[in-house]
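The values are calculated or read from the model by the stated rules, or taken from the named source; none is laboratory data. Because the structure is a prediction, the values reported are computed rather than measured. Cβ: placed from backbone, ideal geometry, glycine included. Neighbour counts: every protein chain shown. For the accessible areas, the whole protein counts, side chains as well, though only heavy atoms, and no ligand, DNA or RNA atoms are used. Shrake-Rupley method; radii C 1.70, N 1.55, O 1.52, S 1.80 Å.
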Amino acid sequence: MSGINYSDKIPNNVNLANDRTLQRALEHWQPHFLDWWKGMGPTDFQGADVYLRTATSVDADGWASYGAVKMPDYRWGIFLADPVAERKIGFGDQMGQPVWQQVPGEFRSTLRRLIVTQGDTEPASVEQQRLLGHTCPSLYDLRNLFQVNVEEGRHLWAMVYLLHAYFGRDGREEAEELLARHSGDANKPRILTTFNEPISDWLSFYCFTYFTDRDGKYQLKSLAESAFDPLSRTCRFMLTEEAHHMFVGETGIARVVKRTLEVMKELGTEEPAKIRAAGAVDLALLQKYLNFWCSSSLDLFGSEISSNAASSFANGLKGRPDESQYDDHVLREKQLKLDTPQGAQDVPMLNALNEVMRESYLKDCEIGLKRWNRQIERAGFSFRLALPSTRFRRSIGSWVGLPVDPAGKLLPREEFDQRLHEWIPSQEDRAFVRSLMQRVVEPGKMAGWVAPPERGINNLPVDYEYVKLS
Ligand code: BYC
């Protein structure tokens, strides 16, 4: 990459043009990233012109520049939100002291682990979604998928920038490893379980962007509070992009609900078999997908009782989302009552922070549920969608592996095993959903199982040719 105009090729606000160390690290990593994108990114669409937004600066005009781009030519950039003058540490035992512009030696490995864990999820999600383009319900959806994919790629760049700029040789090695682990790979899987689940249909994609990207929002918000200022600024900018990903999920599920309600009205029935026969997703089936992805995403917050979370908070590495909304930012005196299989237990608040975060996440998840249920109510049907209990299907924490139903009730193991597919999709359910996934690529046309969106992207009409297939 020598002789390259860095600002043009790699839009950035980190002075890349004058930073030889960073340039050298990127010269090595960037070709590996492009190989990874071509090998593990969206299959067969590398030559298509996609109507994408690109971040070219962090201000209102530049963070979303729209235009037709071939994905391998996408300009993945490196951006930090503007610095806050004289920013002070906002929580933990060093509260009130100046934030750090460099990594303190004693927190080096913990910070690196947090950044690597965050970074690992970004390419993982692109890998999980790589085949979806073949079964897109419309060009509008196809474009949204690719927008999400290129931005997850940019979020990987954001974390790699931190590794390259602040963690020396081991940071460079970790950056290579981020391209070497692969979602679902038996030998070298991604770090967190949810990111090894296949996303082989669009209903899963909508659920993933609703639930799992929302976990991303909460994790990024908590890292945006960090005393390590470059991490805070990086995450703050990533959050502006994350909003669109959750929009794709929330409106995607709303469009599925809308179409299903139309079919239910046309046929005058709530019977799943008849709705399926008409080529729509019955609401009970949608509920199973919500149960699956919500419970899987709940695991991403870690254990309810966590000494890792306690020390990350006390040391100022990772705060609570929107830390300023709380009164007490040190938490040495507080306790939280936790609901465990052994009964209610008082736990030092510092050790219960994963749970605090999980609870605020769930409140945010409820917003979409309320909207979708309002649609159902207005259509005159009695079915209601709900979030599963936090005890259901847990793979980490005190409820791990216990036979609890989505209402939170502990069942005999045998009954739980027998009834599991009343609550999460069975092979048959998944096969049915896959059968609906027929590719629709005529501008303005939609697959039969999902309603059109209310509006297009960036004020363009819904029938705009968002992806020009080559
Ligand atoms: N799977 O003390 P514990 C996103 C490990 S999504 C496997 O309970 P802790 C995105 C844990 O590492 C946001 N392992 O939890 C969304 C620990 O291992 P060690 C991703 C797990 O450490 C869509 C041990 O179990 N960002 O951005 O307080 C598309 C005990 O852990 C899991 C982050 O996660 C799991 N689910 O918190 C694209 C932020 N959970 O250290 C992108 C960075 C825990 O004993 N990561 N473990 O070997 C963190 O903040 C924390 O590491 C965790 C866990 C929240 C993951």
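Solvent-accessible area per residue for segment 323-379 at a 1.4 Å probe radius, Å²?
On the way: 3270 Å² over 57 residues.
Per residue, segment 323-379 has an accessible area of 57 Å².
Cα-based Rg of segment 307-405 per 2.2 N^0.38 Å, rounded to two decimals?
1.35
The residue among Ile253, Asn12, Gln30 whose Cα reaches farthest toward the positive pole of the charge dipole of the chain, with charges on the beta-carbon of Lys, Arg, Asp and Glu, is Ile253. Of the accessible area of segment 53-201, computed with a 1.4 Å probe over protein heavy atoms only, carbon and sulfur atoms account for 49 percent. Solvent-accessible surface of segment 380-470, averaged per residue with a 1.4 angstrom probe and all protein chains in place: 57 square angstrom.
Here's the list of aspartates and glutamates a cross-link from Lys468 could span, going by alpha-carbon distance under 16 Å and ignoring same-chain residues fewer than 8 apart: Asp44, Asp49, Asp73, Asp141, Glu442. Free of any GluC sites (Glu not before Pro) that DSSP assigns to a loop and that have at most 10 other C-beta atoms within 10 Å, the longest stretch within the chain is 87-332. Looking at segment 433-466, the trypsin sites (Lys or Arg not before Pro) that sit in a DSSP loop and have at most 16 other Cβ atoms within 10 Å of their own Cβ are Arg439, Lys445, Arg455. With the convex hull drawn over the C-alpha atoms of segment 92-170, the volume per residue is 128 Å³. In segment 413-470, taking the dipole from charged Cβ atoms about the Cα centre, the farthest positive-side position among Met446, Ala431, Val467 is held by Val467. Computed over the chain, relative contact order equals 19 percent, with contacts defined as Cα pairs under 8 Å that lie 6+ residues apart. For trypsin sites (Lys or Arg not before Pro), the sites in segment 283-361 that DSSP calls loop and that have at most 16 other Cβ atoms within 10 Å are Arg332, Lys334.
Counting only heavy atoms of the protein chains, get the accessible area per residue of segment 53-210 (1.4 Å probe) and round it to a whole Å² value. It would help to have the intermediate numbers written out before the result.
Working: 5530 Å² over 158 residues.
In whole numbers, segment 53-210 has 35 Å² accessible per residue.
The slack in the chain from Arg169 to Ser311, taken as 0.36 nm per residue of separation less the alpha-carbon distance, amounts to 48.6 nm.
Ligands, DNA and RNA left out, the accessible area of segment 237-279 computed with a 1.4 Å probe is 58% carbon and sulfur. Which lysines have a Cα less than 24 Å from the Cα of Lys363, not counting those fewer than 8 places away in the same chain? Cross-link targets: Lys217, Lys221, Lys258, Lys288, Lys318, Lys334, Lys337, Lys409. Computed over segment 1-139, the P(r) tail beyond 25 angstrom holds 44 percent of alpha carbon pairs. The share of alpha-carbon pairs in the chain lying farther apart than 29 Å comes to 50%. Label reach from Lys468 (point 7 Å along Cα→C-beta): in segment 145-188, amide nitrogens under 19 Å belong to 146-147. Ligands, DNA and RNA left out, the 1.4 Å accessible surface of segment 355-470 is 49% carbon and sulfur atoms.
At a Förster distance of 45 Å, what's the computed FRET efficiency of Glu266 paired with Asp61, Cβ-Cβ distance as r, to 0.05?
On the way: r = 46 Å, r/R0 = 1.02.
About 0.45, to the nearest 0.05.
Considering helices alone, the calculated mean residue ellipticity of the chain at 222 nm is -15500 deg cm²/dmol, with DSSP H runs of length four and up weighted by -39500 (n - 2.57) and normalised per residue. Amide H to amide H distances under 5 Å link Asn12 with Ile78, where only residues 5 or more positions off or on other chains count and H is placed in the peptide plane. Indicate the gyration tensor shape class of segment 117-233 (rounded, prolate or oblate), computed on the Cα atoms with a ≥ b ≥ c the square roots of the eigenvalues: a/c under 1.5 is rounded; otherwise a/b larger than b/c is prolate and the rest oblate. Verdict is prolate for segment 117-233. Applying 1/(1 + (r/R0)^6) with r as the Cβ-Cβ distance of Gln427 and Thr117 and R0 = 25 angstrom yields a FRET efficiency of 0.20.
Looking at the square roots a ≥ b ≥ c of the eigenvalues of the Cα gyration tensor of segment 322-378, which shape do they give, rounded for a/c under 1.5, prolate if a/b is larger than b/c, or oblate? Because a/c hits 1.5 or more and a/b fails to exceed b/c, segment 322-378 counts as oblate.
Considered as an equivalent ellipsoid built on the Cα gyration tensor, segment 249-358 has semi-axes of 43, 16, 11 Å, the largest given first.
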